[in-house]
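Working notes, beginning with the structure itself.
The values are calculated or read from the model by the stated rules, or taken from the named source; none is laboratory data. Note that the structure is predicted; figures quoted are calculated from it, not measured. Cβ coordinates were reconstructed from backbone atoms using ideal geometry, including for glycine residues, and neighbour counts include every protein chain displayed. Surface accessibility is based on the protein's heavy atoms, side chains included, excluding ligands, DNA and RNA. Shrake-Rupley method; radii C 1.70, N 1.55, O 1.52, S 1.80 Å.
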Amino acid sequence: MGAAELISLQLRMFLMMLLGLLFRKKNLITAEGKKNLTDLVIYLILPCNIIKSFMIPFDNNTLVNFGKILLISVLIQVFCAILAKGLFRKASESHRPVLMYATVASNSGFLGNPVAEGVFGSMGLALASVYLIPQRIVMWSAGVSYFTQGSDRKTVFKRVITHPCILAVFAGLILMVTQVSLPGFLNATIKDIGNCNTAMSMMVIGTILADVRPRELLDLSLFLFSGLRLILLPLAVFLACRLFGVDGLVLGVSVLLTAMPAASTTAILAAKYGGDAVYAGKCVVLTTVLSLLATPVWSMVLV
């Protein structure tokens, strides 16, 4: 993707986000409507988009790339978990679990997948789907434990293994490895729904941005965390991948998804388990706003 196409992609995504923000401000999308849109993306549109991404020719090189990015993702999650445990010891008790969770869990599913697809095409989206497997496991296991004293392993395992995006990855892998062709009408339906992912995901992000006042974001700790989330972590991944000679596509997807803002579930879990939901909401919104600047820069560095 050239610079002109990349700028065009970022502008289109920004406009989609702006539409979501305006519709939420005008209450054309209500609070309940925002929740419904989020559920629609998670439970239908994103899974179809993931399955669509695996409808590609399969060869040994593809398998090797999947193995590489899966290993990189596991190492990133281990590094982030260790970093989160040691870095926020002096943070207040209410802020610590928010910052720890937002370190291990990014908004790669909502924001990263469409960006990866736009910058690197279908193979980029397939690699992004594999990259997200370890993160989804961590965010629903160790991540939840940051907000709770303990968690039921059986419940956590069930939540992870039945997550629609995890199921979509498994289904997509089976289709890709076996090269089975779905019936024409089913194949077209999955692709048509999956093609809605970028627009719907960006609009959902826009509705999140609409609910926070700009002055509420002026918190030094959140700006420092944003620097960690959007600059330092992806920079560390970039340098490590270069050091070990990781090829361009795997490196690009790994860095780009590491550079995503804090996961929207940060605020959801904080609210559910009695954490500082307001602070968590600010964290999600500020990192998302600043990612509008950081993501284009990283994209231009990587292509």
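So the values come out like this:
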| quantity | calculated |
| --- | --- |
| Cα shape, the chain, gyration tensor, a/c 1.5 rule | rounded |
| Ordering of 197-203, 168-174, 250-256 by packing [mean C-beta count within 10 Å, highest first] | 250-256, 197-203, 168-174 |
| Percent accessible area from carbon and sulfur atoms, the stretch 24-127, protein chains only, probe 1.4 Å | 64 percent |
| Carbon + sulfur, % of accessible area of the stretch 216-303 - ligands and nucleic acids excluded, 1.4 Å | 75 percent |
| Under 23 Å from Lys68, Cα to Cα: lysines that are on another chain or at least 8 residues apart | Lys52 |
| Cα-Cα P(r), the stretch 147-303, percent of pairs per 10 Å interval | 9, 25, 33, 27, 6, 0 |
| Radius 12 Å from Cβ of Phe225, net charge of other residues (Lys, Arg +1; Asp, Glu -1) | +2 |
| Sequence ranges 263-270, 23-30, 124-131, ranked by mean other-Cβ count within 10 angstrom, highest first | 124-131, 263-270, 23-30 |
| Whole-percent pair-distance distribution, where bins are 5 Å wide, for the alpha carbons of the stretch 52-163 | 2, 11, 18, 20, 18, 14, 9, 5, 2, 1, 0 |
| Kyte-Doolittle mean at least 0.0 and Cα axial length at least 18 Å: DSSP H helices in the chain | 3-25, 60-87, 113-139, 164-178, 197-210, 277-302 |
| Neighbourhood charge, 15 Å Cβ-Cβ cut-off, centred on Arg213 and excluding it, Lys, Arg +1 and Asp, Glu -1 | +1 |
| Alpha-carbon centroid distance for the pair the stretch 7-60 / the stretch 189-218, whole angstrom | 6 Å |
| Pairwise centroid distance, computed over Cα atoms, of the stretch 69-104 with the stretch 252-289, Å | 12 Å |
| Residue-averaged [θ]222 nm for the chain, counting only DSSP H segments that reach four residues, each worth -39500 (n - 2.57) | -23500 deg cm²/dmol |
| Accessible area per residue in Å² at 1.4 Å probe, computed on the stretch 6-51 | 57 Å² |
